[in-house]
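Undergrad: Pasting in a structure now, in structure tokens, and then I'll have a few things to ask.
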Amino acid sequence: MKIDILTLFPNLFDGVFSESIIKRAIDEKKVEINLIDFREYTLDPHNKVDDTPYGGGAGMVLMCQPIFDCINSIKTDDSVVIMLTPDGEVYKQKTAYSLSNKKHIILLCGHYEGFDERIRSICDMEISIGDYVLTGGEIPAMVLVDSIVRLIPGVIKEESHIEDSFNNNDLLDYPVYTKPRVYNGMEVPEVLLSGDHKKIDEYRYKESVRRTEIRRPDLIEKDN
Ligand code: ADE
């Protein structure tokens with residue numbers, strides 16, 4: 001898989017892809033990640049990529065030309081172009097799964113007041129990572145890359161994500177414990193020490209349902 005990230009601030013990504021699982025996926029050539037500064041595509045003599053909004057109002061608006069030229073020069077028939085924007089579809093694990101099968105993902109990060117509306121016409125999807133406004137699309141792009149890359153076959157063991165929260169019938173994860181058996185008076189549930197795998201599975205499923213009912217009843221209601 002290839003992921004191209006279009007951003008005015010490529011340095012913001014320093015560090016994020018050079019540690020842990022994402023770094024390993026890059027090193028093992030499971031994914032190629034490129035940072036592309038779309039300012040390099042502007043035809044403006046002063047290197048401008050934004051301008052004031054028609055009709056007036058606060059802030060600057062990202063212009064069509066640099067972004068259209070940049071996307072058109074890297075896009076192929078296999079590309080999915082995604083705009084990161086607070087008014088996009090709210091990002092879910094299901095979307096991460098479907099994106100993990102794509103050959104080429106282009107992530108477009110905005111800044112300032114927003115994108116010229118016509119830029120939406122060159123995008124296949126618009127994604128928001130939640131109902132809050134960030135200063136730009138870079139952090140959302142990191143969230144997408146992290147959640148997608150871990151799902152690429154061979155990046156982590158399949159068992160590690162098969163039981164993730166949101167996979168298992170939209171249930172949250174069950175609680176897990178490790179040694180010691182008693183810590184500050186808090187004990188590991190007896191059933192987990194029993195070696196009875198049927199009972200352990202039942203316990204874990206019940207705890208997943210209980211946790212979801214308490215913390216995220218909306219996930220259960222959605223199923224009915
Ligand atoms: N850009 C600014 N805020 C955002 C959000 N919540 N999701 C995606 N892109 C954004």
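Readers should treat all values here as calculations from the given coordinates under stated rules, not as data from a laboratory. Here the structure is a predicted model, which means the values were calculated and not measured. Cβ placement follows ideal geometry from the backbone for every residue including glycine, while neighbour counts extend to all protein chains displayed.
Undergrad: Provide the FRET efficiency to the nearest 0.05 for the D87-I220 pair, computing r from the beta carbons and using R0 = 25 Å.
TA: 0.35
Undergrad: Quick one: longest stretch of the chain between exposed loop GluC sites (Glu not before Pro), exposed meaning at most 14 other C-beta atoms within 10 Å and loop per DSSP? Please report the intermediate quantities before stating the final value.
TA: Working: sites that count: E19, E28, E113, E163.
With GluC sites (Glu not before Pro) excluded where exposed in loops, the chain gives 29-112 as its longest stretch.
Undergrad: Okay, next question. Return the subset of K92/K206; K29/K92; K75/K102; K30/K103; K23/K157 for which the Cα-Cα distance in this structure is over 18 Å, preserving the input order.
TA: Result: K92/K206; K29/K92 exceed 18 Å.
Undergrad: Grab the alpha carbons of the chain, take their convex hull, and tell me the volume per residue in Å³.
TA: 187
Undergrad: Any idea what log10 I(q)/I(0) is at q = 0.14, 0.18, 0.25, 0.28 Å⁻¹ for segment 165-223, Debye with uniform C-alpha scatterers and no solvent?
TA: The Debye formula, applied to the Cα set alone, gives -0.46, -0.69, -0.99, -1.09.
Undergrad: Bin all alpha-carbon pair distances of segment 36-95 at 5 Å intervals from 0 and give each bin's fraction as a whole percent.
TA: 4, 14, 18, 19, 20, 14, 7, 3, 0
Undergrad: At 0.36 nm per residue, and after removing the present C-alpha to C-alpha distance, how many nm does the segment from D14 to L192 gain when stretched out fully?
TA: Full-extension gain reported as 60.0 nm.
Undergrad: Could you size up the charge dipole of segment 56-117 around its Cα centre, putting +1 on the beta carbon of Lys and Arg and -1 on that of Asp and Glu, and report it in debye to the nearest 20?
TA: The dipole of segment 56-117 has a size of about 400 debye.
Undergrad: List the chymotrypsin sites (Phe, Trp or Tyr not before Pro) within segment 56-153 that fall in a DSSP loop (any state other than H, G, I, E or B) and whose Cβ has at most 11 other Cβ atoms within 10 Å.
TA: Sites meeting the loop and neighbour criteria: Y132.
Undergrad: Say each of K2 and E213 gets a label point 7 Å from the Cα, pointing the same way as Cα to Cβ; how far apart are those two points in nm?
TA: According to this spin-label approximation, the distance is 5.1 nm.
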